[in-house]
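Heads up, the thing below is written out as structure tokens.
The values are calculated or read from the model by the stated rules, or taken from the named source; none is laboratory data. None of these values were measured; they are calculated from a predicted model. All Cβ positions, even for glycine, are placed from backbone atoms using ideal geometry, and neighbour counts span all protein chains on display.
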Amino acid sequence: MADSTTTARPLVHNVYFNLKDGSPENIAKLTAACHKYLNGHDGVVYFAAGPVVEELSRPVNQKDFHVCLCVAFKDKAAHDVYQTHPRHLEFIAENKETWEKVRVFDSWGN
């Protein structure tokens with residue numbers, strides 16, 4: 001496996017939000033905020049944000065979240081810039097009080 005510090009590799013950033021109040025209105029509001037503040041950053045090759053798919057109910061489906069954010073970056077450097085970008089920080093500041101729990105899963109997108 002190539003050294004991730006010297007070779008550009010895609011990085012996939014998945015975030016699962018549990019809201020204090022998981023009403024449909026609050027889910028829609030957080031989803032809209034994701035699209036407003038977190039989409040369109042330099043180095044993003046894929047972006048999605050939305051609610052759990054309730055009708056999928058196989059035993060392996062995890063449904064213990066309200067909104068999922070998935071951002072794939074061209075490399076770790078793009079991810080690192082995103083993490084400190086003013087729009088990302090504004091998203092956190094405006095929405096963090098609504099979150100009960102946030103789980104982040106970062107992986108290489110080989």
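Would you confirm, using the coordinates I've provided, whether Glu54 is of a type in the set (Asp, Glu) and either farther than 20 Å from Ile92 by Cα or under 13 Å from the mean Cα position of the chain (by Cα) (or both)?
Yes.
Test Lys36 against the stated conditions and say whether it is of a type in the set (Lys, Arg) and in a helix (DSSP H, G or I). Break it down into steps so the answer makes sense when it comes.
Values: of a type in the set (Lys, Arg): yes; in a helix (DSSP H, G or I): yes.
So Lys36 passes the test.
Given the criterion closer than 15 Å to His88 by Cβ and among the β-branched types (Val, Ile, Thr), identify the matching residue among Val12, Val67, Val44.
Step by step, each of Val12, Val67, Val44 is checked, and only Val44 is closer than 15 Å to His88 by Cβ and among the β-branched types (Val, Ile, Thr).
Leu19 versus (1) loosely packed, with under 15 Cβ neighbours inside 10 Å; (2) in contact (Cβ under 8 Å) with a residue 40 or more places away in the chain; (3) more than 20 Å from Gly109 (Cβ to Cβ): which is the lone unmet condition?
Leu19 satisfies every listed condition except (1).
Among the residues of the stretch 17-24, is any out of contact with any Cys (no Cβ under 6 Å at 6 or more places or on another chain) and farther than 19 Å from Ile92 by Cα?
Pass one, the stretch 17-24, residues out of contact with any Cys (no Cβ under 6 Å at 6 or more places or on another chain): 17-24.
Adding the requirement that they be farther than 19 Å from Ile92 by Cα leaves 23-24.
Checked the stretch 17-24: at least one residue is out of contact with any Cys (no Cβ under 6 Å at 6 or more places or on another chain) and farther than 19 Å from Ile92 by Cα.
Of a type in the set (Asp, Glu) and surrounded by 13 or more Cβ atoms within 10 Å (Cβ to Cβ), is that true of Asp42?
no
So, of the residues in the stretch 1-56 that are of a type in the set (Ser, Thr, Tyr) and at pLDDT 95 or above, which turns out to be farthest from Phe73 (Cα to Cα)?
Applying the filter and picking the extreme gives Ser23.
Is there a residue in the stretch 59-77 that is within 30 Å of Ala8 (Cβ to Cβ) and surrounded by fewer than 16 Cβ atoms within 10 Å (Cβ to Cβ)?
yes
Taking the stretch 82-110 on its own, how many of its residues are under 22 Å from Tyr46 (Cβ atoms) and in a strand (DSSP E or B)?
Residues that pass the stated criteria total 7.
Give the stretch 84-104 a look and list any residue that's under 18 Å from Leu11 (Cβ atoms) and exposed (fewer than 12 other Cβ atoms within 10 Å of the Cβ), or say none.
Thr84, Val104
So is Phe65 assigned to a loop (DSSP other than H, G, I, E, B), out of contact with any Ser or Thr (no Cβ under 9 Å at 6 or more places or on another chain), at pLDDT 95 or above and within 13 Å of Tyr16 (Cβ to Cβ) or not?
Criteria met by Phe65.
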